[in-house]
Structures are given as C-alpha cells and as structure tokens.
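Report on the structure given below.
The values are calculated or read from the model by the stated rules, or taken from the named source; none is laboratory data. If you're wondering where the values come from, they're calculated on a predicted model, not measured in any experiment. Heads up, the Cβs are rebuilt from the backbone with ideal geometry, glycines too, and the neighbour counts pull from every protein chain shown. Accessible surface is based on the protein model in full, side chains and every heavy atom, while ligands, DNA and RNA are left aside. Shrake-Rupley method; radii C 1.70, N 1.55, O 1.52, S 1.80 Å.
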Amino acid sequence: MTAGNGALEVRNLAKHFTIGGGLFGPEKKLVRAVNDVSFTVPKGTSLGLVGESGCGKSTVARSLLRLIEPDAGSVVFDGIDVRAAKGAALRQLRRRMQIVFQDPYSSLNPRRTIQQALEEPLRVHRLGTAREIAEKIETAITEVGLPKQALDRYPHEFSGGQRQRIGIARALVLDPELIVADEPVSALDVSVQAQILRVLERLRDKRGLSFLFVSHDLGVVRHFCERVCVMYLGRIVEQGVTAEVFDRPLHPYTKLLRDSSPVPDPTARLTLTKIMGEVPSAANPPPGCTFHPRCVRAAGPCMTDIPALNEHDRGRQAACYHPETWPGLQAVAAAG
Amino acid sequence: MIRYAIKRLLLAIPTLFVMLTAIFVLVRLVPGDAAAVILGDQASEASLRALRTTLGLDQPVYMQYLSFIGDVLTGDLGRSLSSGRSVGQEVLLVLPYTIELTLAAIVIGVALGLPLGIATAVRRNGWVDYAGRLISLVGLSFPAFVSGILLLIVFAIQLGWFPVLNSGSSGDPIERLRNLALPAFNLGIIMMAYVVRVTRSSMLGVLGEDYIRTARAKGVRPGRLVIRHALRNGLIPIITVVGLYFGTLIGNSVLTEIIFNRPGLGKLILGALNARDYTLLQGLMIIFAICVIAVNTLTDLAYGLVDPRVKYK
Amino acid sequence: MQQNQETALDIRGLRTEFKVGGRWYPAVRDLSLDVAENETLAIVGESGSGKSVTALSILRLLPQAGARIGAGEVLFEGRDLTKLSEREMSSVRGNSIAMIFQEPMTSLNPTMTVGEQIAEAITIHRGASQADAMAEALRLLKEVKIPSADSRLHDYPHQFSGGMRQRVMIAMALACRPKVLLADEPTTALDVTIQAQVLMQLDELKEAYGMSVVFITHNLGVVAQIADRVAVMYAGEVVELATVDALFANPAHPYTVALLRTMPRADRATESLEPIPGSVPPVTAMPEGCAYASRCPLKQPSCEDKRPELLPFDGPGHQVRCPVRLEQTRG
Amino acid sequence: MGAAVSSSPARPGGLWLAFSKNRLSWVGLALLAIIIIVAIFAPLIAPYDPLEQNIVARLEPPSAEFLLGTDSYGRDVLSRLIYGTRISLTVGFIAILIAMTIGSMIGILAGYVGGVFDQIVMGLLDVMLSFPTLLLGLMIAAMLGASLENLIIAIAITEIAPFARIARAPTISLKQRDFVEAGRALGFGPVRIMGVHILPNMISDVVVMSSLWMASAIRTEASLSFIGLGVPPPTPTWGSMIREGFENILDAWWLAVFPSLAILLTVLALNLLGDALRDAIDPKLRAE
C-alpha cells in the first residue's frame, strides 16, 4: 500500500445485508448492497459518486467512516488501514475524516445550541483549552458564512440552508482532511443549493480538503467533482474525468443517466426513443451484467458474465462488453 | 398468509415457556417455608413434611421446574389444596360464566366504541369530539370495582332494576340475561372508553394520510371516504390494541365478578387467595397465560387478514 | 400557442390564506392564470412559493381547518369552482379535473388493490358496474404500460416500485378522461431515469386524451422538457409568465434570471454558480413592496414602496412583475 | 405568557403552548394540585384522627359532625379519605418512578443496541405487557405478602414493560437520525450518544406517559387493596375503605361511594393531564 500521501484508497469494498429472516419475516435474503468497489481520492481533489437510489452509493460513503462495517475489501487513508483501526487510532482517524449529511433537519440535535454542537467534538477529543475551543468554533462558524450570534441559538431557528452550513461547520471543527458529503445539497432549493456548493468550493480551495461527493444529480457532480464514479446496483460501472464521462459516456447506463437528466433548455428535449424497465431489486439481481435487461446494446456475454471494470481510454474505465463508441475515442476491446 | 399463520403459531411456543417460567419463579418467591405459610403457625411438623412432599418442595429447584413444566405440558395443573378437586375441574366449572361475561363486554364495548370513536375523529374539535373524549376519559378512570359498586348501588339497590345477589346459574334465559346485564355493562363501558380512544387516534392518523387526499381528489364523498378508505386502514392498530386490552379485560372481569357476586374465575381467584391455595392460584395463572397467548395469536392473525402488507413483510 | 384555443381553466385573482397564530396570512396572492385546452402550463417555484397551494386550491383540497380561499374565482366549464357546494365539488374532482401527487409511496391506499382504486372513480362518476369498471381499470393499466397488467390488477400498492405507483396514480387520474390534469411535483420523488419515463408518458397521454395539464415543479430542467407555457412563482405571486421558449431564451424577471444561473447542468460545464443571496420572506412578514426586492440586484428605492403589477413584456403572452425591467426594455 | 414562551429557544416552548391552550389540561392540573395539597397537609386538614375508633358513633351517615359519615369502627370517613390520599399518591408516584427509570433504561438500551438483544428483550416485555396487569400485581403481591413496599414493587414491575416500549420506539427513530450518526463519525462513545443525544430528545415522551400510567398504577393499587392485598389495616387506603363499604353496601352506602369518587377524581385528573400532554407532543395531532 502507498504510504501517507493523504489519499483515500478503497479496494474491493463489499457490504452485504440480510433482509427478512427473523421470526416473522419471509425467507432470508442476501442483498449485495456494495460489490467490489475500488477508487482513489487523491489529496485535495473531489471524487463524485453518482447513481440512482438503491445503487449503494450511500452505503459506500458510510462504510468508509465505518458507520457501517464493511464486509470485505480495504479502506486506506493516508497509509493507515481504516478497517483495522481500533480505539485511539480509530478516534484519530475520525478526526481526519468527516461526514456531511443530506437532511439538514435530521443532522442537528434539536436540544443542543449550535455552540454546544460545535464544542462537543473538541471536548470529547480533548483538543485545546476552553479559549482555544471558543476560537476554533468561531472560526468554523464564520467560515461557513454564519454570524457568531448564531452560536447561542437552537437548530429550529435556522432555515434548511443555514442548518446545512452548521452541519458543515461541525464537520470542520476537528480540522479534517477528507469530507464525505452524502447528498449534501439534495434536500435544498436550487438557489440555496448554489450557496452551499459555494461554501464547499471555498473550503476545498482554502483548506485543501478532499471530498467524496455522493449525489444523484449529474449537474451538481459535474460542477463540483473533477472525477466521477457511476454506480449501478452496488458496482462501479464507469469512472473517469467528470466532463469526459458525461460528454462521452462509455457505459450505456451512464449514457441513459445523462440523457434522462433534464437540462433547462427547451430546445434540448429528451430524445430517448425508449427507456426500458426499472432498476431491479438488489436482493434479486439479474445474472451477468446487472444492467443488461435495460440495455439496448446487450448481447452475448452480457447475459451471463459480469464485466470487469477495464481501462478503455486514458484514465477512462468502464465495466461493459459493448461500450458506446465516440469519434476520437479509441474503444479498447474488453478482455474476456 | 398460511406461512405467516404457521410462523405466528410457532412463535406462541417460546412465549408460553417464558410465561410458565415466570409463573414458576413467582410462586417460589414466597418468603420462607411455603408449607408453613399455607398451613399457618400451628401446623405440626409431620403435616408440614407431608405437604412439602405433595408440593415437591423437598426436591431440588431444577427438578421442581422440570416436573412443573412436564405436568403443565401433559395437562396436569395440580389439585386444589382446599377442595381437593383438580384445578382443571375447578376452572371448567366456572369458565362458561367468565366467557359469557367477557364476550358480552367485548360486544358492548366494540358496538358502542367503534362508531363513537369514528365520529370523534371525523368531527374533530366539534361537540361530538369533546363529548366522546370526555366519556372515554371518565370511563378509563374507573377502576372496574369502583364503577361496579356505583352501578350496583344505583341500579340494583336504589332502583331495584337488577338483582343485587347474582346467581348466574339460573336456567331461565331472561333471568340469566338480567343477571348478566349489569356486570357486562360495567365491563363494556370501560372497554368502550378504551375503544373510543384508540379508534379516535388511529382514525385521526389515517385521515391525515396522503391517500385520503388522493381519494378526495378522485371525488370520493365523505361517507365512503371514512368507511372504505379510512376505516380499513384505521382498523389495523385498533385490532392490535383491542387484542392487547384482553389482559386488562380479564383483570377487570375478576373485580366485576367479585362485586356482582357472580361465579367465575374471579371468585375462584379470590377464594384461592383467601385460602392460601397456591396450587389453585398457580393453575389459574397458567390458564390465564394460555388464554392471553391464544388471544394475542388470534389478534396477529386478524391483523394479517386486514393488512395486505403483513403477508409479505 | 394559446391563440385560437378555448380556455379550459381560468383562475382570477386567487388568494389562498393560512391561519398562523390566530391570524390569516396569504400563501397565494392575486394569482391569475389561464390554461388553454391541450396545453401544458408549468408552474415553477421554490419551496414556499405557493405553487402546490395553488393546485390544491383549484380542487379545494386544502386542509379543512386552518386554510381558506380568501378571494378570487376558479372558472371551469362556466362555473366558479370556489362557489360550488362540497357535493358539487366532489363530482368535479377525479371526473373533469383530476390530480396526481408528489409521493407515490404514500398516495395510494395500502389496503385496496390498485385495480379497485382505479375503478373507484369510474364507478363513482360514471355509475359503471364493478365489472365494467375493473375492465376499464385493466385497460388503463395497460395504457400506462404496467408490465403484465392482467396479473397486477389485483396487487396491492406495496408490491409496486415508486415509478410503477406513479403510473398507477396517473391511470387513476385518467380514469374518467379529465379535461384538466393537475400534476403536483409528480416526478420529484423518482429517480431520473424513471422521471424521464414518466414525463414522456405524461406527454403522450396528454395528446391521446386531449387534456390540459397544469404541471407543478421546482425543477427548471423538467419545465424545459414538458411545458408549453410557464408561470414562475415567488413568495405567493406569479412574477413571470411566458412561453417556454421565451422564458429560457429571454428571461425577464430578475428572479427567473437568477434561478437559471443557480442550476448546474449535466450537459455542459458551468463556470461558476451564482447563488441568490438571502432567503424568501416568511408568509407572516411579507414586505409592502416587491417581495423579491431584498434579494434583487436591480432594486430601486421605489421597489420597496409599492407592489409591482404583472404587466406585458415584449413578445406575445410574456408578462413580468418588475417595473425596473419593463422600464429598461422601453428605454 | 404566549410571547414569553414563543421566544424561549428550545422546542418545549411549543409543547407548553399547545398544552396550555387545552382547557381540559387546566382542569386536570388544578384537580391534581388540590389532591397533592390534601395529601401533604393531611394532618392539618383532617378533622379527626383517622385511626381513632368511636364505639358510640358507628356507621353514622353523613352529618354536620361527620361530614362523610363514619365506618363500622366509628372512624371518621372524611379523615380516613384524606389520609388515604397519601397512600395512593405515594404508591403511584414511587412505583412509576421506579418503573420509569428501569423501563426507560431497558428501552433505550434495547433500541440502541438493536439486533438479537433487542428481539429477546422485546419478546420478554411483550409477554409481560400482554399479561393482565392486575393479575400480575396480584400474583406478586400475594407471593411477597401485603406491605407498602411489596405493593410498590408489585406495581412497579407491572409498569416496567410499557415504559420500556415507549422508550424504545423513539430511540430507534432517533438512532437513524443523522445527528446520532454524526456523533459516531465524530468519535463519541455509545454512552455519550445515548445519554446526551438520545435521552433528552425522547424523555418528554416518557414523562408524558408517566402521568397516564401513574393513573393506572393508582387504579391497580386501589384494586389490590380492595382484594385485600394492599397496605394492611388499620392504615386507611381508598381500596380497603371501599372493600369495607362493599361489605356494608346495603345499609351504609357512603362508605363505598366517597372513596370511589376520590379514586375516580384522582385518576381522572392524571388522565386529563396526561392526555393533554400527549396531544401536545404528538406532532401528528399538533400539526395544522
């Protein structure tokens, strides 16, 4: 493994859930929520994780911080094995990797003032004197664009966007190096969404933060992330530089996702002749490439074998036997 | 559905074991020598020893437990210390009266409580609502023996409409009904209070659901909206809660039987308590436990019938 | 676009009020809109703009306590819907005006089969027998492309996915061939690929059934996909009304302009987003003058004194509630 | 009051506002206040010694001398009623306090830990919950013997299961809230999360129910006393007074009626209060 370079490296991450079972439930079923997921977030960069609901993107995000314990694979942050960390080492890691949540109404304890919410992590980790702690939280709250007076108030006195800023401030007080942002702007109105994206951009530039940015909104990911991983039914089906992936998608699912995303331009109306089917249940995935029942290009091995995530062009990877072809993009035939 | 039913029935088995174990432990909670407690201070050493052997108290606790479970599973609940009859016989003698009483109470409670509960929810904050809620609160505040005594004083002693001394055993159906009326009404109004309350909160919850708005948007009129769309969904929690109420109903029927001097399990318990007849008491608890488990199981099955989602959960 | 066409629904001066702390405050103010036959009118706005309240007001589905229509008329087939009795209103709902909602997961009755729920409107409004209604329900399920519709007719909602449930909702709304369909954020809770399917299907059905659609959404991308005309709402008012092409090519109101600049696009790089500063004034503290003034880059001192009116802008049917912009174009 | 309350920062302000608008809640509160005052100042209020027997004045009907009459030992019913308040409130309050503490701890733990532990604990509690409260109390009291302490223990045990249930439900929903997840991500320990982030957000649910269940505890106490399993005589308790009245029901109606009304009023007061509180915290009922 690479030694401390500040990067987050995820290899072959897997998480299975069992549903059902128990005394009342139907038969036990194994749901492979996340399967063989690998990616790297170099220091100071943003990686987007896009996909539709149930594709496993949030599970990946939470597994990295061990809010959910993954079943297999490795997570290495700055040379330290996250999955093996215990006790003090784990607490240390939790300082360095933080999370921002989707729902600003659920992410703050309604009974604690903003001051209490921001102080608590510093006190628990015994970081600094009372004076230093006070300075630190003032810095954090102004950094996210709220006045110091906000500290004495309770969460319910703030709007959704303001709460989201507070949630970001709370993640900041421990001076993390990586932020896992799980749909941080999805619950907000567009005008507020832009405000929050601005705040995150500023933090990335000023503090040199790395981001794993989970979202279902291609526009937001395109705006915020240099690179992107597209997930479908627990697997990464394509990854690469965001603009390239969205402009010239290799995997038919990426193309479908892009073509389905509405753009504010009446001259560019949806031209999809046919969008087939729905996402199958992760408890009962189709054999072979899990996308094949919805795929116009499916043929031959697609029905039986799971395609590997292979390099198709410089820095472009896709898990597809019959990737889309684009002028100027050399299609490297997938091995196997 | 069948799968669900079988699972539910299987689940009753561990529950029964837990209850039996709890009863076993409870009965052994008697401080000091149980035989001495039963026979009193004056008992001779010989009679004490004899009783200990009869009750199996001279054996180690685990043996006592095993033979207790074994006896229960083979249907042997022991013999009453005072009458010498088997517990099963004692219970069978009076069980019909208790069943008659609780069934009558359930019918009264649901027949009055359900419509009133629906009315309070539909006319929320109207006078029906306030009246219904007040009636239900007062009903819930009565311990069964308090309401029983008040009913007895007013309708039997002062007005003389019903007999003061109840003889449930009368063969004459009219007389039997007259005997049943007051105690059943006593239990019924408490149950009604309970049903009104549960129905109201359940219906209020359902009436605020999105699918009720959908139905209104479809042009469904208020009557059909309440009966067809809201009630069926509202019934789900109502059934559960009414099933859970069965335990309270049994407890209240004990008190009611004592007040109205009606034969039944209640009087049997009181007699056992006064005679320190621990075998009979233990046997009665086991029977109650079995009844409660049976009713809970039935409730869950009914739940499965009303809620299509249960089958697939 | 709406020339030479009959008006299907005409809202005039609608004011819908909510009771907050014992006082009535308007959530929708002085709203006038008309929907032509076969037209899709999108109402777009952020949360709290009053767009959903408008739709609920048309069918009078607001919560019975704490909300009321304070003023205005909703003219439909020669009648003012706000004046109808509750009984007369019932025979309009689901019959000549139907509605679909945002949350497909909670908007269907969990204890009735989807067939029964679709058939219900037919038995109520058409007096059809249960058997005929179920046959029609099956046809509708097929029409909205539910796979193996025959066997799914007797399934319960929890056996369907979110996208399928929304199709069932649509089938239910179409059951009596309504003149007007009110769609309140029908695709917001769905994934994008499913959203695209439902949007395209709604468009096809609109043509097939000859309906007018009032489509409520917060998503400008969705608006661009399906609308013929667009009303932009802000703080309970329509601030701009235009054909879809005019709105996106030549947005007039500063709010519309700002809104378009805050939306990152999937199909091209957005250099920098320009967030709108500040927030929407709360319904209990609406300013005297223009509700957008506090956030507006074009604000003039006069904006805060007097509420601007919705006046014609350049181009047919284009209206805007901003005297500053009107001044600019004239000048 | 409204203005002061609405400017208070924490959410309970809204709770208080909703509660105080309910007229019935005030009736309950006033009744309860009177009952508590009576219990505290019993020696000052009671006209006679509740234990003093008076052979000459046996079974006297209510009169100017004995406002609520006398019992078969010639003891003043009013005085006994006043002292009986103490037993009912003490038993109800302490039993509920015990049950609330133990039950909430079980509920939070089961809800937070989840999994098999939760299933087993809840299975056991379900069994307890479905068993008739009165019979369970009766059984325990009968086995332990009649005394004030045993009565409290018996009633406390019967009320543990409902508290555990009511504590578990919000714990589970709070556990899924992002701020609890955030706490874990920030490196907080489970004790801190349960104590600082879960408990304060659910305690109102538990406290509200405690008023309703104190009513039920008082009912159970009276019922057990009535059966003869309560605090032993000659201590005056409402249940045992009614029992005595019941034995003389044909010739001395007042013996049973007045303690009956006392129980009814006390339980009603607690129910009114608890109901109003519950309506106030139930977001489903408070919304709109």
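Could you state how much accessible area is buried at the D-A interface, both sides summed, with a 1.4 Å probe, in Å² to the nearest 100? Could you put the intermediate results ahead of the total?
Values: alone 14950 and 16540 Å², together 29230 Å².
Answer for the D-A pair: about 2300 Å² buried.
Take each complete run of DSSP H in chain B, measure how far its Cα atoms stretch along the helix's own axis, and keep only those covering 24 Å or more with mean Kyte-Doolittle hydropathy at least 1.6; list them. Each step should come with its number before you reach the end.
Values: long enough: B:2-27 (38 Å, 1.89); B:87-122 (49 Å, 1.77); B:173-207 (45 Å, 0.88); B:232-259 (39 Å, 1.26); B:278-306 (42 Å, 1.72).
Correct list, ordered by number: B:2-27, B:87-122, B:278-306.
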> When the accessible area of each residue in the stretch A:254-271 is compared between its chain alone and the complete protein assembly (1.4 Å probe; ligands, DNA and RNA ignored), which residues differ by at least 40 Å², being lower in the assembly?
Replying inline: A:S260, A:P262, A:V263, A:P264, A:P266, A:R269, A:L270
> Taking only C-alpha pairs under 8 Å that are 6+ residues apart, what is the relative contact order of chain A in percent?
Replying inline: 19 percent
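If I compute solvent accessible area with a 1.4 Å probe over the protein chains, what percent of it on the stretch A:8-278 is carbon and sulfur? Please list the in-between numbers first.
Details: 4730 of 9840 Å².
Taking all protein chains in place, the stretch A:8-278 shows 48 percent carbon and sulfur surface.
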> Distances over 28 Å make up what percent of all Cα-Cα pairs in the stretch A:8-278?
Replying inline: 40 percent
>> Residues of the stretch C:135-164 losing 10 Å² or more of accessible surface, assembly versus chain alone, probe 1.4 Å, please list them.
In response: C:Y156, C:H158, C:Q159, C:S161, C:M164
>> Rounded, prolate or oblate for the protein assembly as shown? Axes are the square roots of the Cα gyration tensor eigenvalues, ordered a ≥ b ≥ c, and the cut-off for rounded is a/c under 1.5.
In response: prolate
>> I need the GluC sites (Glu not before Pro) found in the stretch C:1-72, filtered to DSSP loop residues with at most 12 other beta carbons within 10 Å of theirs.
In response: C:E6
> Over the Cα atoms of the stretch D:89-206, Rg to Rh with Kirkwood Rh, two decimal places?
Replying inline: 1.07
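Which of the helices in chain D, when you take each full DSSP H run, stretch at least 27 Å along the axis at their Cα atoms and have an average Kyte-Doolittle score of 0.0 or higher?
Values: long enough: D:77-113 (52 Å, 1.66); D:148-175 (39 Å, 0.99); D:199-227 (40 Å, 0.98); D:253-281 (42 Å, 1.49).
Qualifying helices, which must be both long enough and hydrophobic enough, are D:77-113, D:148-175, D:199-227, D:253-281.
Probe radius 1.4 Å, ligands and nucleic acids ignored: give me the carbon and sulfur share of the accessible area of the stretch C:108-175 as a rounded percent.
The computed percentage sits at 53.
When ligands, DNA and RNA are left out and all protein chains stay put, how many square angstrom of accessible area per residue does the protein assembly as shown have with a 1.4 Å probe?
On the way: 51130 Å² over 1268 residues.
On a per-residue basis, the protein assembly as shown sits at 40 Å².
How many Å² of accessible surface get buried when C and B come together, counting both sides, probe radius 1.4 Å, rounded to the nearest 100? Write out the running numbers ahead of the final one.
Numbers: alone 15470 and 17080 Å², together 30110 Å².
So the total buried area for this chain pair works out to about 2400 Å².
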> From the square roots a ≥ b ≥ c of the eigenvalues of the alpha-carbon gyration tensor of chain B, which class results: rounded (a/c under 1.5), prolate (a/b over b/c), or oblate?
Replying inline: oblate
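I'm checking a number: the convex hull volume of the Cα atoms of chain C, normalised per residue, in Å³. What is it?
Details: hull volume 49.2 nm³, N = 331.
Considering the Cα atoms of chain C, their hull volume per residue is 149 Å³.
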> How many nm is it between the label spots at D:R58 and B:F17, if each spot is 7 Å from the Cα in line with the beta carbon?
Replying inline: 5.8 nm
>> Distance between the C-alpha centers of the stretch A:108-146 and the stretch A:184-198? Whole Å please.
In response: 23 Å
>> Just to confirm my numbers, what's the Cα centroid distance between the stretch B:6-31 and the stretch C:66-84 in Å?
In response: 63 Å
> In degrees, nearest 10, range 0 to 90: what is the angle between the Cα axis of helix C:162-174 and the longest Cα principal axis of chain C?
Replying inline: 80 degrees
> Any idea how far the Cα center of the stretch D:30-52 sits from the one of the stretch C:248-300, in Å?
Replying inline: 68 Å
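How large is the convex hull of the C-alpha atoms of the stretch C:108-175 per residue, in Å³? It would help to have the intermediate numbers written out before the result.
Values: hull volume 4.8 nm³, N = 68.
With only Cα atoms used, the stretch C:108-175 gives 71 Å³ per residue.
Quote the total accessible area buried by chains B and D together, excluding ligands, DNA and RNA, probe 1.4 Å, nearest 100 Å².
Details: alone 17080 and 14950 Å², together 27930 Å².
Its buried surface, counting both partners, is about 4100 Å².
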>> Taking the alpha-carbon distance from A:K206 and a cut-off under 16 Å, which aspartates and glutamates remain once sequence neighbours fewer than 8 residues away in the same chain are dropped?
In response: A:E143, A:D175, A:E177
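Ignoring ligands, DNA and RNA, what percent of the accessible area of the stretch B:184-313 is carbon or sulfur (1.4 Å)?
The value for the stretch B:184-313 is 64 percent carbon and sulfur by accessible area.
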>> Inside 10 Å of the C-beta atoms of C:269-282, what's the mean count of C-beta atoms belonging to other chains?
In response: 5
> Which percent, nearest 5, of DSSP beta bridges in the protein assembly as shown are antiparallel?
Replying inline: 60 percent
> Name the residues of the stretch C:221-240 whose accessible area falls by at least 40 Å² when all protein chains are present instead of the chain alone, probe 1.4 Å?
Replying inline: C:A224, C:Q225
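Counting alpha carbon pairs within less than 8 Å and at least 6 residues apart, what relative contact order, in whole percent, applies to the stretch D:89-206?
Value for the stretch D:89-206: 38 percent.
Given the -39500 (n - 2.57) contribution per DSSP H run of 4+ residues, what per-residue ellipticity at 222 nm results for chain D, rounded to the nearest 500 deg cm²/dmol? Could you put the intermediate results ahead of the total?
Values: 13 runs with 211 residues, N = 288.
When only DSSP H runs of four or more count, the value is -24500 deg cm²/dmol.
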> Taking springs between alpha-carbon atoms closer than 10 angstrom, which of A:T59, A:T267, A:T325 fluctuates most in the Gaussian network model of chain A?
Replying inline: A:T267
> Protein chains only, probe 1.4 Å: how do D:D49, B:D129, A:D78 rank by accessible area, largest first?
Replying inline: D:D49, A:D78, B:D129
> Got the relative contact order for the stretch B:91-311 handy, in percent, Cα pairs under 8 Å and 6 or more residues apart?
Replying inline: 28 percent
>> Beyond a 31 Å Cα-Cα separation, which of these cross-linked pairs lie in this structure: A:K57/A:K148; A:K86/A:K136; A:K255/C:K179; A:K29/A:K57; C:K51/C:K306; A:K255/C:K206?
In response: A:K57/A:K148; A:K255/C:K179
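Compare the peptides B:150-162, C:310-322 by average per-residue count of other Cβ atoms within 10 angstrom and give them in order, highest first. Walk me through the numbers before you get to the answer.
Details: B:150-162: 15.6, C:310-322: 17.9.
Final packing ranking: C:310-322, B:150-162.
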